[in-house]
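Quick notes on the structure that follows.
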Amino acid sequence: MGSASAASLGSTRWPPSWTPGRSSPTSGRSTTSRRATPRSHRFAFEAAAGAPGWQQVLRGQEIPETDEYGISSFVYRSRTPFHPERLWCEANRAWPGVLRSKGFFWLATRPSLVGEWSSAGGILHLGAIGSWWGAVPRLQWPTDPETVARIKAQMHEPWQDRRQELVFIGQDLDERSIRARLDACLLDDAELAKGIECWTTELPDPFPDWLPAHPHQ
């Protein structure tokens, strides 16, 4: 799995990961080759895993091909932000055995924006897909109780709903190695202790610009 042009992921099915309603920010999506396209609507992870395989993995279920073809899957989760430079370098390396990967990530230098991770056929796309609800004023949240309850269920101090949540599906996956590579991209204790103001002003960030996500007026 590596970086390439945006055109290569046209066959990937991933229904819009948005909660329709009052908010409609503008966000950007790019590959590591620095291409971007606009997206719209507020992020809601609960609606993101639309394809059956991704839903099964997120629920902790095995995908049907596991036994016959040696396919395995796992979900990587963390509430610690990624160091942008370390993630950028790691994302541009090969990911042996990974056939598909998809999910959402949090860069320490971009605390308001949800990053989307999506790969298929050796092409990895990384870019913004919206705003974390923790960065959105409460008055701009949806008003229906069911959606508000889902949002609140993801809120944890001190970073609210910001998180890493990535699904990997592949053949002969080395899960331990992939987890170790991603763990190495997280901020360490000393970096975490410096706080968000330091992250956004001092950490090197080689990612291309992401379009800011603004609430709909």
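The values are calculated or read from the model by the stated rules, or taken from the named source; none is laboratory data. These numbers were taken from a predicted model, which means no experiment stands behind them. FYI the Cβ positions are ideal-geometry reconstructions off the backbone, even for glycines, and counts take in every protein chain you see.
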Original post:
Pairs under 8 Å by beta carbon, first residue free of Cβ contacts under 8 Å to residues at least 60 places away in the same chain and of a type in the set (A, V, I, L, M) in region 147-160, partner part of a helix (DSSP H, G or I) and surrounded by 12 or more Cβ atoms within 10 Å (Cβ to Cβ), six or more apart or different chains?
Top reply: M155/W133; M155/G134
Original post:
Which pairs have Cβ atoms under 7 Å, sit 6 or more apart or on different chains, and link a residue in region 171-184 that is closer than 14 Å to R100 by Cα to one that is modelled with pLDDT under 95 and assigned to a helix (DSSP H, G or I)?
Top reply: Q171/Y69
Original post:
Mind checking which residues of region 185-207 are out of contact with any Lys or Arg (no Cβ under 9 Å at 6 or more places or on another chain), of a type in the set (V, I, T) and either touching a residue at least 60 places away in the same chain (Cβ under 8 Å) or surrounded by 11 or more Cβ atoms within 10 Å (Cβ to Cβ) (or both)?
Top reply: I196
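Count, please, the residues in region 182-210 that happen to be outside any helix (DSSP H, G or I) and over 12 Å from P84 (Cα atoms). Give the derivation first.
In the first step, residues of region 182-210 are kept if they are outside any helix (DSSP H, G or I); the result is 184-188, 195, 203-210.
Filter once more, keeping what is over 12 Å from P84 (Cα atoms): 188, 195, 209-210.
Looking only at that region, the number is 4.
Among residues belonging to region 171-181 that are surrounded by 14 or more Cβ atoms within 10 Å (Cβ to Cβ) and of a type in the set (A, V, I, L, M), point out the one that is nearest to H83 (Cα to Cα). Full working, then the answer.
Of region 171-181, the ones surrounded by 14 or more Cβ atoms within 10 Å (Cβ to Cβ) are 173-175, 178-179, 181.
Remaining after also requiring of a type in the set (A, V, I, L, M): 173, 178.
Working: L173: 24, I178: 16 Å.
Residue satisfying both the conditions and the ranking: I178.
From the list W117, W88, W95, which one is without any contact (Cβ under 8 Å) to a residue 60 or more places away in the chain and either crowded, with 17+ Cβ neighbours inside 10 Å or closer than 28 Å to A193 by Cβ (or both)?
The conditions single out W117.
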Subject >> Of all residues in region 125-170 being β-branched (V, I, T) and within 18 Å of W210 (Cβ to Cβ), the one that is surrounded by the most Cβ atoms within 10 Å (Cβ to Cβ) >> reply: I129
Original post:
If we scan region 56-72, do we find a residue that is in a loop (DSSP other than H, G, I, E, B), surrounded by 15 or more Cβ atoms within 10 Å (Cβ to Cβ) and modelled with pLDDT under 55?
Top reply: yes
Original post:
Which of the following residues is touching a Gly at 6+ places or on another chain (Cβ under 7 Å), within 27 Å of I71 (Cα to Cα) and at pLDDT 95 or above: L182, L166, L99, L173?
Top reply: L166
